[in-house]
Amino acid sequence: MSSDSNSTVLGVVLLVRHGDRQGFYQDPNTYAASATSITPLGNAQEVQLGGLLRELYFDGSSPSHIQNMNTGLFNDSQVLIRADAGDEGGVIYDSAISLTQGLWPNTTAWNTTLANGTNVVGPLGGYQYVPVESVESTNDVSLEGFTSCNTFNTAISAFYNTTEFQQKVNETKAFLNELPPYLDGRPATLVNMYNVFDYMNVNNIHNANFSKTLPPTFLAQARDLANWHEYNTFTSEQLNGISNIAGRTVVPSMITGLTRIANASDPLSFMVEEISYKPFLSLFNMTGATAANSSLAGLVDYASAWALEVRQPSSGGEPVLRFNFKNGSDIFRTYAFLGSTGDVPLSTFINTLAPSAVNTTTEWCGVCGNNQDRGCGALAQASAAAKPHQRISPVGAGFLGAGLTLAVALMAFGVLAFLGVLTFGRPQRRRAVKNSKTEKGSGDADSA
Ligand SMILES: *[C@@H]1O[C@H](CO)[C@@H](O)[C@H](O)[C@H]1NC(C)=O
Ligand SMILES: *[C@@H]1O[C@H](CO)[C@@H](O)[C@H](O)[C@H]1NC(C)=O
Ligand SMILES: *[C@@H]1O[C@H](CO)[C@@H](O)[C@H](O)[C@H]1NC(C)=O
């Protein structure tokens with residue numbers, strides 16, 4: 001199937017990487033990240049990208065103009081913006097804010113005429129305030145499904161133990177041994193390759209002495225190895241493989257966004273998810289884009305944008321998707337995906353990816369083997385209370401059995417008391433019942 005150049009753009013779902021940042025460290029065994037902050041350059045990159053997207057999608061004279069999109073002021077009903085607020089959260093959230101400033105710049109059109117005839121322009125020259133949903137990793141796994149994921153951590157250490165990895169260690173030993181003078185004490189190992197590259201990259205951008213002393217090929221060589229390391233960490237041979245977890249948790253919000261855009265009675269036309277580089281690796285692999293174009297098997301630059309355009313073919317019929325990707329400061333290029341060289345029906349995208357999607361926290365806790373973090377503790381506790389016999393070891397069973405019986409009895413009393421069937425005459429009595437229920441519940445979960 002080829003691409004119809006006369007199709008109309010109904011809307012777009014964008015995945016955007018954050019802008020330039022400083023610092024940064026991530027644990028190579030768990031991908032827990034820390035110690036990073038956005039830079040003025042990072043803000044500038046995102047504002048610039050926002051301006052470009054504005055010209056491309058909101059300007060009535062652009063061939064990719066979104067059919068029903070307001071060309072003037074920001075319109076809340078047409079837009080949804082979400083930002084990963086996890087480990088790298090400050091950087092990613094700030095990037096999303098900068099992006100919105102490029103998308104909807106300040107304008108005197110943001111003004112109002114008061115009853116007394118005075119005209120008031122919004123502050124800061126008519127700054128437009130655009131809501132950005134802060135996707136907190138503690139209560140929403142969707143944009144950062146890869147941290148605290150125990151089965152994923154197991155897959156990472158399995159990768160480090162493959163003969164392929166050991167071979168690469170041998171092949172790269174000579175190069176890595178040359179790097180310590182440029183790493184300020186960081187381990188120059190293949191396991192630590194992402195941090196090695198990132199440190200060199202950050203300093204090459206921000207530290208004049210460093211960029212003068214670094215031998216010319218070193219950064220590209222380190223980047224190559226980091227690409228290899230990260231691609232193998234964040235992709236899987238199976239769509240529903242655990243190593244695709246960074247993409248699998250994003251899939252549900254993408255499908256919701258694409259479906260809403262295709263639905264003519266829903267005003268949503270423009271959705272952005274601001275993220276780290278990891279979901280790009282998984283999703284490019286899962287959509288078969290990497291199979292069609294191997295240049296996608298690596299790190300995307302800062303402020304990269306993947307635009308999945310929802311288009312209505314001029315011949316009518318089902319809406320289709322077009323895969324456009326802009327790598328940092330490069331231009332947007334169209335890529336083949338899902339086994340097609342052109343546009344792909346929306347239903348093909350959904351049918352291919354939905355089965356591998358991790359849709360809820362409960363699913364994520366199961367897939368990741370986690371019964372403690374990110375809301376899994378409360379869920380494990382609830383399910384242990386509901387199905388105690390499946391989770392309790394024989395040794396603890398007798399003790400817990402008695403404890404549970406008591407807890408259940410107390411809960412029953414609590415409910416009856418609450419309904420007024422049983423009256424104890426003292427409100428403080430109810431508090432005591434509630435406390436014992438909570439303690440018993442968490443005790444069960446800990447022993448599971
Ligand atoms: C009109 O109302 C605004 C807001 O209360 C006030 O700042 C402004 O001075 C008023 N203008 C006149 C001409 O009274
Ligand atoms: C995804 O990546 C894996 C390597 O991790 C590769 O074996 C697989 O073929 C890739 N899938 C696609 C559809 O390209
Ligand atoms: C993005 O650009 C960088 C160079 O800035 C390059 O190393 C990388 O391979 C490119 N990635 C893709 C997916 O095109």
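The values are calculated or read from the model by the stated rules, or taken from the named source; none is laboratory data. Computed from a predicted structure; not experimentally measured. As a convention, Cβ positions derive from the backbone with ideal geometry for all residues, glycine included, and neighbour counts pool all protein chains shown. Note: areas computed on protein heavy atoms with side chains; ligands, DNA, RNA excluded. Shrake-Rupley method; radii C 1.70, N 1.55, O 1.52, S 1.80 Å.
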Cα gyration tensor, the range 20-69 - rounded (a/c under 1.5), prolate or oblate: prolate
Debye, to nearest 20: dipole size of the range 152-233, +1 on Lys, Arg Cβ, -1 on Asp, Glu Cβ: 120 debye
Relative contact order (%) - the range 152-233, alpha-carbon pairs under 8 angstrom, separation at least six: 28 percent
Prolate/oblate/rounded label for the range 152-233 (Cα gyration tensor, a/c 1.5): prolate
Extension reserve of the Ser3-Asp76 stretch, reckoned as 0.36 nm per residue once the Cα distance is removed: 23.2 nm
Shape of the chain, Cα gyration tensor, a/c cut at 1.5: oblate
Projected label distance in nm at Leu41 and Asn263, using a 7 Å step from Cα toward the beta-carbon: 4.3 nm
Extended-chain gain in nm, criterion 0.36 nm per residue less alpha-carbon gap, Asn293 and Thr162: 44.6 nm
About the Cα centre, charge dipole magnitude for the chain (Lys/Arg +1, Asp/Glu -1 at Cβ), debye: 1360 debye
Considering only the chain, percent of DSSP beta bridges that pair antiparallel, nearest 5: 65 percent
Within the accessible area of the chain (1.4 Å probe), percent carbon and sulfur: 54 percent
FRET efficiency, Phe210 to Ser315 (Cβ-Cβ, R0 51 Å, nearest 0.05): 0.35
Cα-based Rg of the range 8-102 normalised by 2.2 N^0.38 Å, two decimals: 1.26
Within a Gaussian network of the chain (alpha carbon springs, distance under 10 Å), most fluctuating of Ala386, Ala226, Ala155: Ala386
Distance (nanometres) between label positions extended 7 Å along Cα→Cβ at Arg333 and Thr154: 3.9 nm
Positive-end residue, the range 55-116 charge dipole about Cα centroid, Cβ charges, pick of Pro63, Thr108, Ile81: Thr108
Helix-only [θ]222 nm of the chain, DSSP H runs n ≥ 4, -39500 (n - 2.57) each, per residue, nearest 500: -13500 deg cm²/dmol
Unit charges on C-beta of K, R, D, E only; dipole of the range 81-149, Debye: 480 debye
Highest-MSF residue in the chain out of Gln48, Gln312, Gln166 [GNM, Cα springs under 10 Å]: Gln166
The chain, accessible area per residue, ligands and nucleic acids excluded (1.4 Å, Å²): 46 Å²
Spin-label pair Thr30/Val130, simplified geometry with 7 Å Cα→Cβ offset, distance in nm: 3.5 nm
